[in-house]
Structure formats: C-alpha cells, structure tokens
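Reviewing the structure listed below.
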Amino acid sequence: MDNLFFRNQLQHGDLLIDVHKGVVRRHEKTIKLPDLSLRVMLCLIKAAPASVSRDELAREVWEQNHVAEEVIAQRIALLRKALGDDPAHPAFIRTIRGKGYCWIASRSHLSFWNLGAAAVFAILLLSAGWMAFGGVGNEAPTAQPTAIAVNDQLAPLLIRAREQLAVQQAEETSRAVRLFEEALLIAPDSFEAITGLSFALSTRTTKFTPAESDSLRAEILARTAIAMDDQSASAWHALGYALDSQGRVGEAIAAYEQSYALDPREMAARSSAAYLDIISGRFHSGLSQELAAINSGFRSRYAEIQIALALDLMGFAAASDWMDRAERANPGQSVVLGARADAAIRQGNARGALAILEQDNAEHNTERLAVIRGRALLQLGDHEAALQAFNAAGERGIILLAAVRALEGDVEAALELAGRTDQPGLEFDTWPESALRMAELMAALGEDERALRYLARAIDLGWRDWHEISESPFLGRLADTQGGQILLQRIEREIEAQRQLVLADNALSVLVNPG
C-alpha cells in the first residue's frame, strides 16, 4: 500500500510522517521538519498527484495572496534536502515547469486528505503546541472561563504571573510564562491562565527571544480561548498579539480590530493595531488610532515611541519631542533604547547609536538590541564586532550574519546560514523589515536584481525608511542606480500622501504640534 494514514501518521513508501510531532522517519533516520516545511509537504500530498501552483502554496501555506518565488523555491529546496530527495531524480517532489510542484504519489489511498489542509494544519498546530508545554493534555479545554476566585491556589499564581509580565523585561517575562504554565497544570480549563500564557509567550517572542514554538503556542492558546468564548475581547486581543509575533500583519490587525469592536475599552489592542498600521506605512490610520486610545484615557507603554516613529518617517519636527516624552515615560526601557538607536543609525550617526545602547544592561540585553548594535558597528566598518553582535542576536541576526559573511567573500557560509532561517518574520511575507533584510543578503551576494525585487516587496508591505536603505553597507550602492531611484520615488510619493492626510486632519494637530 503506497499511502496509509493511521492515528496521527501518514506512510508513503519509505517515509513515515508523524503529523502531530512534525517528524518524518526514513531509513531509520528521524527528520524533524520546521513547521513551514511540513505545511508545504502536507499541501503537496493533499493535492497528489495533481500539481500545486506557487499561488496555491502561497494561499494554503503562507496564507498570503502572493509570496516571492524565491521564498517558495528556497522552502522546496530545504524540504528536498531534509528528505534526501534529489531534484534531478526526484522520489518525492517534482517541479512542473510553468505549473509549480507535485508530490509523486498515488491518490488512491489519500481519502484522509478530503478533510482539507486547514484541518490537517489545525491538528498539527494543536498537538505540537499543547504537547510542548506538557501536562495540559492534547485536547483544548472546553469548559467555560474560570473565575480567579474559584481556586485559592490558582489566584495567587495568576496575580504573580501578571505582575511579572507587566515589568516587560526578559527574565520577568520568562518567569510569567512559567507561572502561567503552573496555573494551567492546576486548572487546565482556566480561561485567564490560557489567555495569560498566550500574552506572555507573544511578549517573549516579540520583545526578547523570537521562537517559532512560542509564537505558535501563543496562537493555539488564543484560538482555544476564542473557542471557549468567542465574544471575549481579551481572547481576540491575544490572537492578534500571537499573529503579530509571527509577522502576519493583516491577520493580526483584523484580530485586534475584532477585540476592540467587542469591547471599545480594549485600547491596548487598538494601540497594537496602530503600531502595525505604522510599520505598514499607513501613518494617518496609525496616528488616528493612537489618538483615539489617548483620548480614551488609556496610556499605552509604547504610544510615544509609535507616534515618534510615524512623525519621524514623515519628516515632522515634533518627532524629537515625542521621542523625549517616551524616554521620560520609560527611562532606559529596551524598546525606547532601540527606537532611539535606530533613529541615530538612520541619520548616519552610528557612534551616537552605540552611545545610546551603552545605557543597556543585562536585563535589557535583548536580541533586538544586539541586531541594532551590529548595524551600528557595520556602519562604522567594524565587521568583526558586528559579526559578534549578530551572533549574539540568535535567530534574529542570522540573515545579517549571512550578509556580512557574503560581503567578506565567504558565500558558502552565507548560504548555509541563510538556509537555517525558519522563524516568524523570516519568511518574508508580511513583515516589511524581513523583506528588507533579505534584500541586504541578496545585495551582499551580488544579486542586485533580486535585491531590488526584495526592496520593492518591502515597500509593497509598507517600508518607508529610505535613510536606512541608503545607510546600509549592503544596499547603499544600489540607492543611486536607476532601479534604486525608482524605489526612492515610490517611497517619497507614499510618504507625501500620508503627510498630506495627516496635515488635513485637524484632530491630529495635537500630535504634530504638541503643546
């Protein structure tokens, strides 16, 4: 029998695929596939023997209308390499010129796949996520939300977890994760513990240590909470944050909007949606959302920084005033330090950026700040120190690490490093900075045409910072090319359009001309 699905496993020839664990066994060898590679494989198997176009893969696997061909081709190459499949003599995946890819298999024993890819992916995610934090069980809770007062042992844990999470520092956030997990061991159906753990995992991913397992667990928990109470604004907020942590910008905004539609008091979700609007180049919408949150009496920890970023990119002098307000409100906070250092790098002031980061300490030594430090060192021409910084940045720094290696002529090391990336934000689909980093890698490899395509993709997604492009040691030389100038003009037109919208909106004058 070619293919046989039993329990959670699918067999094809000498491949045994454990759908829940994301593990493939072949010739007694265990292969742990990254989630995206597994999703691609399942999508191809589902369609076998028919081919799957790149657009279909983009919709089913990446959940986007368009994903760059290079991204899909790289993912197929990584999957083939993991399976030991020779593209010249394929046993599993065949490239169909002009059509896409197909799984070499008979359809006769694949009736299981009539359930659809979405169900398969849900099974995959639920099992991987719930098993990962152990002790909660493999099935999502179905009970109604549990009040804190119901369990005397539970209440103190939840209070301590929330207190730790509110500090917004790496060690305290990880402590909050452990406390919420402990709460779930006591009460697996606790709505507060489920949503709290989702928020904590998303916080750890976005602000400190990006990890695909954390962001996927956060999404699973949020969707579990929504299944328990689909009218809960906090559950939808948690889902928005989880999707946000994966770089799924459009989906995250939609979840945030659902949150404050259910409860207009959910201003933290509105502020988060505002930030995504801003990084997507929709400055007028983002500032309007921030102002609505401020007028409601809600104080977002990051409102001043988000306002400063939007105003700075549009060239408003008031940006520096909002940056100062952010520093006064959150002195030495890592997100503020990073934003100030970023602004200095954009202005070509790398030494100033490093001086700002000197205020950093062990608590604030996040991977994000390590990337910023590395960029400043690169601007100063100190490649060795930059490599150390990008290496310290872990997954967040891999693309830049690869780019520096390529710039130094070690193309083999660069490609090996680039092939290791499989995390939220590095699939270059909806997060503008991810596409920008890939453009830098392509430029470092001498692939100027591909670099410009990735730059165009970044601009499509909302990248509006031409200064970072022109100051980049990888992309700077492309800024004066014909293709670079065309992209510069696109950015200028987009910024000017947003600037005029802001100037025409009298309500936003309090942000543009703060008293």
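The values are calculated or read from the model by the stated rules, or taken from the named source; none is laboratory data. No experiment lies behind these values; they were computed from the predicted model shown. Note that we place each Cβ from the backbone using ideal geometry, even for glycine, and neighbour counts take in every protein chain shown. When the accessible area is computed, the model is the full protein with side chains, heavy atoms only, and any ligands, DNA or RNA have been set aside. Shrake-Rupley method; radii C 1.70, N 1.55, O 1.52, S 1.80 Å.
Couple of notes before you dig in:
- Straight-distance crosslink candidates among aspartates and glutamates, where the alpha carbon sits under 12 Å from Lys32 and sequence neighbours closer than 8 are dropped: Asp18
- Scalar couplings 3J(HN,Hα) for region 343-355, obtained by applying the Karplus form with A = 6.51, B = -1.76, C = 1.60 to θ = phi - 60°, are 4, 5, 5, 4, 8, x, 9, 5, 5, x, 4, 5, 5 Hz; x denotes Gly and Pro.
- Under Karplus coefficients 6.51, -1.76 and 1.60, residue-wise ³J(HN,Hα) of region 286-300 in Hz, glycine/proline x: x, 5, 5, 5, 4, 5, 4, 5, 5, 5, 6, x, 7, 10, 6
- Candidate cross-link partners of Lys99 among the lysines, defined by an alpha-carbon separation under 20 Å and a same-chain spacing of 8 or more, comprise Lys46.
- Chain lengthening between Arg59 and Ala73 when straightened (0.36 nm per residue, less Cα-Cα): 3.5 nm
- Packing around the peptides 172-180, 294-302, taken as the average count of other Cβ atoms within 10 Å per residue, puts them in this order, highest first: 172-180, 294-302.
- Span per principal axis, largest first, for the Cα atoms of region 30-88 (Å): 33, 23, 23
- Charge sum, other residues only, whose C-beta stays under 11 Å from Gly240's C-beta, Lys/Arg counted +1 and Asp/Glu -1: -3
- Stretching Arg160 away from Asp460 to a fully extended chain increases their span by 103.7 nm, per 0.36 nm per residue minus the current alpha-carbon distance.
- For Lys207, the aspartates and glutamates whose Cα comes closer than 14 Å to its Cα, not counting residues fewer than 8 places off in the same chain, are Glu171, Glu172, Asp244, Glu363, Glu367, Glu395.
- Against the criterion of solvent-accessible heavy-atom surface with a 1.4 angstrom probe, Arg75, Arg405 sort, most first, into Arg405, Arg75.
- Rounded to the nearest 10 square angstrom, Arg490 shows an accessible area of 60 square angstrom against a 1.4 Å probe.
- For region 36-45, the Karplus equation 6.51 cos²θ - 1.76 cosθ + 1.60, evaluated at θ = phi - 60°, returns couplings of 5, 5, 5, 4, 4, 4, 5, 5, 5, 5 Hz by residue, with Gly and Pro reported as x.
- Exposure ranking of Tyr260, Tyr275, Tyr454 by accessible area [1.4 Å probe, largest first]: Tyr275, Tyr260, Tyr454
- Entry comment: accessible area of region 311-376 is 40 Å² per residue, from protein heavy atoms only and a probe of 1.4 Å.
- Probe 1.4 Å, protein heavy atoms only - accessible area per residue of region 169-268 in square angstrom: 31
- For Gln231 and Lys81, the FRET efficiency from 1/(1 + (r/R0)^6), where r spans their Cβ atoms and R0 equals 45 Å, is about 0.45.
- Surface share of carbon and sulfur [accessible, 1.4 angstrom probe, percent] for region 180-288: 50
- Exposure check, 1.4 Å probe, all protein chains in place: Ile305 carries approximately 20 Å² of accessible surface.
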